[in-house]
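Written out below as structure tokens is the structure these notes cover.
The values are calculated or read from the model by the stated rules, or taken from the named source; none is laboratory data. Quick caveat, the model's predicted, so the values are computed rather than measured. Positions of Cβ are backbone-derived with ideal geometry, glycine not excepted, and every protein chain shown enters the neighbour counts.
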Amino acid sequence: MAADRSKRFAPVPGLGTGTVAIAYVCVDYLQHVRPTWHDWLMPALWALLVLATVYRIIFYRHWSKELPAALPFLASVVFLLLAFLFEALSVRFVTAVLGLDWHRSADPLPDTGQWLLLALNEKLPEALVTLLRAHIITLHHYLVIFVMLGFSVTFGSIKPPGLGFAARYIFTMAVGRLLRAFTFIATILPSPRPWCALVRYRIPNYPHPWAQKYYEPYTSDSDAISRLLQLDSAYAEAKEYPVEFVPDWGKMSFLANVLRPNVGEGSTWYQLLKRASGGCNDLMYSGHMLVAVLTAMAWTEAYGGWTSAILWVFVLHSAQREIRERHHYSVDCIVAIYVGILLWRATGFIWSAKDTSKARRAAKFDEVRTRLTQSAKDSDIDQIRKILEEVENAGQDKETLSKKAVILFGSCVVLFTFTCVVLALTLTTDG
């Protein structure tokens, strides 16, 4: 029986969730090459996925395992939302603090990774270069693949609890976004796209008072920087600039000092953060690549199979395209890859694909070994059978919910999860 249960959660090579995920990416790419095929294949695929998932949810038998994971899941969602809020504030700050004049004058950093890709364009066949430039997989696809993997618990592709798996992914994502914000807010790097801020923002031309005192007077004068090092204190006089605009945001007015709003940019801090988007500086490290790597890591651990190798190829394809299109410098993608891998490895305590029931049975067997030996000596078959049942039951999770409670809890989980999925796919753009 134990062997049968372990096989139930083992991935089927070439079948199941993996094939569906790769099929989804391929079908969605048809919008670039066969739009008419995409228009009827994509709705049909979504309808099939939803119907199959709903059917499997009805007969899902592991809601008792989902209950302990519900609170960590909700806490992870709240943590991620707070991380996104801090990141949005940080993005707006690093874009606005130096003003548009700095964005106009700051040259992009030299990027040898992009130079290499440009050099390869001259050497590789045109068909291969076209393939490397194609938008085969984007941020949207990685999120959909994660959703598929989360719901695959109802198909037996990964072990329950599914909420535990989702909590680990969301918690790891939140930690990664916070580390990213701490990194790019510490040192402001010029954008690989110098025109970005001029097109997207209406921030003041002049630098923030902090930058006027501690940065601007020492930017290009080596003697000034040397004197600054000797004194270890700002000494240059700041230039005279217009007074900063301070909106009336009530209790949130303190944010004006960070967001540096313009008179024509709206009347609420929330509207300003919505327009922050991905910012116009280089943000070390790439948020897109963090999502891609965490999805690939989750897939590799939970499902594996040949589709895992394909997904990692997609990750590398996304990385070179981020660099090629100057959304990020090469270092941003490289750092995002190893940070994502290390973060996923570090959060295995939340959910793991390893079957812990075997360890519990082994521990129980060590506990009853003496009793089992004595029963064997006494030829007490009934006692031996009883001890073996204790060992078997030690590897099983106890059912703690009544049938009505299971139905209510399951309905709430499904409704909340579907709502989160719809909001994530609706509000999340590929920018």
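Any residue in region 156-173 that is over 17 Å from residue 68 (Cα atoms) sitting within a Cβ distance under 6 Å of a residue that is among the small types (Gly, Ala, Ser) and modelled with pLDDT under 95? List the pairs, counting only those 6 or more apart or interchain. What qualifies is 157/16; 158/152; 158/302. Within the bounds of region 268-287, is there any residue that is crowded, with 17+ Cβ neighbours inside 10 Å and more than 30 Å from residue 102 (Cβ to Cβ)? No. Using the structure shown, decide if residue 90 is closer than 30 Å to residue 218 by Cα and at pLDDT 90 or above. Spelling it out, residue 90 is indeed closer than 30 Å to residue 218 by Cα and at pLDDT 90 or above.
Residue-wise test of (1) surrounded by fewer than 22 Cβ atoms within 10 Å (Cβ to Cβ); (2) in contact with a Ser or Thr (Cβ under 7 Å, 6 or more places away or on another chain); (3) among the β-branched types (Val, Ile, Thr); (4) not in a helix (DSSP H, G or I).
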| position | (1), (2), (3), (4) |
| --- | --- |
| 152 | no, yes, no, no |
| 157 | no, yes, no, yes |
| 160 | yes, no, no, yes |
| 163 | no, no, no, no |
| 168 | no, yes, no, no |
| 171 | no, yes, no, no |
| 175 | yes, no, yes, no |
| 178 | yes, no, no, no |
| 182 | yes, no, no, no |
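Within region 329-346, the set of residues being more than 15 Å from residue 296 (Cα to Cα) and among the small types (Gly, Ala, Ser) comprises 330, 346. Scanning region 356-387 for residues that are crowded, with 16+ Cβ neighbours inside 10 Å, among the charged types (D, E, K, R) and either at pLDDT 70 or above or within 27 Å of residue 299 (Cα to Cα) (or both) returns a single hit, 360. I want to confirm something. Restricting to region 251-267 and keeping residues that are surrounded by 13 or more Cβ atoms within 10 Å (Cβ to Cβ) and assigned to a loop (DSSP other than H, G, I, E, B), which single residue is farthest from the chain's Cα centre (by Cα)? Checked region 251-267; the qualifying residue farthest from the chain's Cα centre (by Cα) is 262. Identify, from the list 343, 401, 408, the residue that is in the same structural domain as residue 76 (by TED's automatic domain parsing) and either in a loop (DSSP other than H, G, I, E, B) or modelled with pLDDT of 65 or more (or both). Selected residue: 343, the only one of 343, 401, 408 that is in the same structural domain as residue 76 (by TED's automatic domain parsing) and either in a loop (DSSP other than H, G, I, E, B) or modelled with pLDDT of 65 or more (or both). Restricting attention to region 87-139 and to residues that are more than 28 Å from the chain's Cα centre (by Cα) and among the small types (Gly, Ala, Ser), the residue that is nearest to residue 289 (Cα to Cα) turns out to be 119.
The listed residues are 264, 279, 304, and the only one of them that is in contact with a helix residue (DSSP H, G or I) (Cβ under 6 Å, 6 or more places away or on another chain) and not aromatic (Phe, Trp, Tyr) turns out to be 279. Taking into account only those residues within region 184-213 that are surrounded by fewer than 16 Cβ atoms within 10 Å (Cβ to Cβ) and among the aromatic types (Phe, Trp, Tyr), which is farthest from the chain's Cα centre (by Cα)? Ranking the candidates gives 210 first. Does residue 225 fit the bill of being of a type outside the set (S, T, N, Q), touching a helix residue (DSSP H, G or I) at 6+ places or on another chain (Cβ under 9 Å) and in the same structural domain as residue 91 (by TED's automatic domain parsing)? The answer is no for residue 225. Might you check whether a residue that is on the phi > 0 side of the Ramachandran plot, outside the structural domain of residue 148 (by TED's automatic domain parsing) and part of a loop (DSSP other than H, G, I, E, B) occurs anywhere in region 235-250? So far as region 235-250 goes, no, none of its residues is on the phi > 0 side of the Ramachandran plot, outside the structural domain of residue 148 (by TED's automatic domain parsing) and part of a loop (DSSP other than H, G, I, E, B). Considering (1) in a helix (DSSP H, G or I); (2) among the hydrophobic types (A, V, I, L, M, F, W, C); (3) in contact (Cβ under 8 Å) with a residue 12 or more places away in the chain, the lone condition that residue 203 does not fulfil carries the number (1).
Sub-9 Å Cβ pairs linking a first residue in region 250-270 that is under 14 Å from residue 85 (Cβ atoms) to a second residue that is hydroxyl-bearing (Ser, Thr, Tyr), at least 6 apart or interchain, are 252/268; 252/270; 258/90; 269/253, ordered by first then second residue. For region 229-250, the set of residues classified as of a type in the set (Gly, Ala, Ser) and surrounded by 10 or more Cβ atoms within 10 Å (Cβ to Cβ) consists of 234, 236, 238, listed by residue number. Those residues that are surrounded by fewer than 23 Cβ atoms within 10 Å (Cβ to Cβ) and aliphatic (A, V, I, L, M), I need them from region 298-310; list them, please. The answer is 309, 310.
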